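Below is one structure, written out as structure tokens; the observations come after it.
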Amino acid sequence: MTQVRSFRTYHQLRRMPARPMQPVVDPADWSPESLGDVESWSYRLTDGDCAELISATDAIRRKDIAPEHVNRSNFTLQGLADILGEVRRELLDGRGMVMLQGFPADTLDPLGRAIAYLGLGAYLGRPMSQNMQGHILGHVKDLGGDYSDPTTRGYLTRAELRFHADGCDYVGLLCVNAPMAGGESRVASSVRVYNRILETRPDLVAVLSQDFYRSRKGDYNPGEDPRYKQPMFCFTDGWFSATGAGSAIEKAQGLPGVPPLTREQQEAITVYRQTVDECAADIPFKPGDIQFLNNYVTLHSRRSYEDWPDRQRKRHLLRLWLADAEGRRPIPKAQQEGYEGSGVLAAGVELNAPLDVSELATA
């Protein structure tokens with residue numbers, strides 16, 4: 001169990017009830033300095049762990065079960081299940097971030113990778129759709145998207161992204177191929193960001209605790225509102241949670257019924273983004289690494305990158321959006337209701353797990 005203890009903090013750190021406009025005491029409050037190197041918050045899969053994954057994957061293939069139907073009841077793990085229980089506990093009650101290293105991405109074909117990754121994720125939560133096509137297995141790669149386009153989501157581009165939190169409880173990112181240059185993962189503790197702004201600009205914390213209009217970036221059904229409102233900082237039943245000031249805020253400007261940002265809101269967003277950048281850690285991300293994040297206490301981004309000319313070597317991450325209704329920290333009612341469903345999904349579309357994507361229109 002030595003490796004398990006290396007990434008756990010939940011058993012030794014405390015959380016106090018969180019109150020608006022007061023410092024937040026939470027195990028998820030960390031800085032790049034206190035975080036340490038990636039090995040200190042990682043678990044490296046053993047040969048036995050990988051054998052379990054491959055065995056469970058082979059069993060699924062023999063039964064001809066499609067990747068989108070993989071779940072905890074049909075993807076049987078033994079010792080690794082206990083490790084994943086510890087990972088989930090750290091996401092819930094610890095720093096809110098764990099890296100798994102050594103996933104056998106290079107020894108599995110695309111179908112095997114999809115099954116093994118979805119099976120592993122099933123021990124942390126239920127997969128959610130990440131786009132209007134019903135993809136529960138997302139593909140983060142440059143498909144020629146324009147980040148400035150109001151309806152383009154950043155993961156389809158190679159641009160540097162704004163710090164954000166995804167629309168799920170946990171997000172998992174598995175590195176299949178690294179880029180030729182750049183593309184570093186960046187993560188910040190939103191608890192640390194809140195506390196730091198509170199120290200110097202409590203007036204802006206008050207602004208950031210109010211609703212901001214955000215764009216759904218084209219991911220909505222006919223008759224649904226293309227915008228929604230959400231604060232950056234939330235307090236629910238004594239628990240803190242946060243969201244990012246990502247591109248969705250600027251992309252909401254110009255939508256019907258969305259007023260221009262006030263001067264105070266503009267200043268608050270600027271300070272928020274500057275503070276997140278100051279609190280962020282740049283994290284090496286190698287093939288076989290899986291980064292799991294709790295979206296209520298972490299913000300993530302990536303730097304721009306230069307890709308390989310060979311299409312087979314293009315930077316490629318596999319993404320999971322996971323819902324953990326049993327363990328989720330209390331969050332605002334409207335946000336919770338949004339996470340109880342299937343995620344971003346067009347009416348009439350079934351959940352599916354594509355093994356790859358190559359066209360922007362199908363992403």
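The values are calculated or read from the model by the stated rules, or taken from the named source; none is laboratory data. Predicted model only: the values in this text are computed from it and were never measured. Neighbour counts are summed over all protein chains in view; Cβ atoms, including those assigned to glycine, are modelled from backbone coordinates with ideal geometry. Please note that ligands, DNA and RNA were not included when accessible areas were found on the heavy atoms of the full protein model with its side chains. Shrake-Rupley method; radii C 1.70, N 1.55, O 1.52, S 1.80 Å.
Summary of values
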quantity: Å² per residue, accessible surface of the chain at 1.4 Å; calculated: 43 Å²
quantity: Rg to Rh, two decimals, where segment 93-141 supplies the alpha carbon set and Rh follows Kirkwood; calculated: 0.99
quantity: Distance (nanometres) between label positions extended 7 Å along Cα→Cβ at ARG14 and ASP277; calculated: 3.7 nm
quantity: Largest-first ordering by accessible area, 1.4 Å probe, given options HIS69, HIS164, HIS135; calculated: HIS69, HIS164, HIS135
quantity: For segment 220-363, size of Cβ-based charge dipole, Lys and Arg +1, Asp and Glu -1, in debye; calculated: 220 debye
quantity: MRE, 222 nm, helices only [DSSP H, n ≥ 4, -39500 (n - 2.57), over the chain, to nearest 500]; calculated: -8500 deg cm²/dmol
quantity: Whole-Å distance, taken between Cα centres, linking segment 55-71 and segment 275-311; calculated: 30 Å
quantity: Candidate lysines for bridging to LYS217, where Cα separation is under 27 Å - those fewer than 8 sequence places away on the same chain excluded; calculated: LYS141, LYS229, LYS251, LYS314, LYS333
quantity: Around ASP203: net Lys/Arg minus Asp/Glu count, Cβ-Cβ under 10 Å; calculated: -1
quantity: Net dipole in debye of segment 198-243 [+1 Lys, Arg Cβ; -1 Asp, Glu Cβ; about Cα centre; nearest 20]; calculated: 200 debye
quantity: Ordering of 286-298, 335-347 by packing [mean C-beta count within 10 Å, highest first]; calculated: 286-298, 335-347
quantity: Surface share of carbon and sulfur [accessible, 1.4 angstrom probe, percent] for the chain; calculated: 49 percent
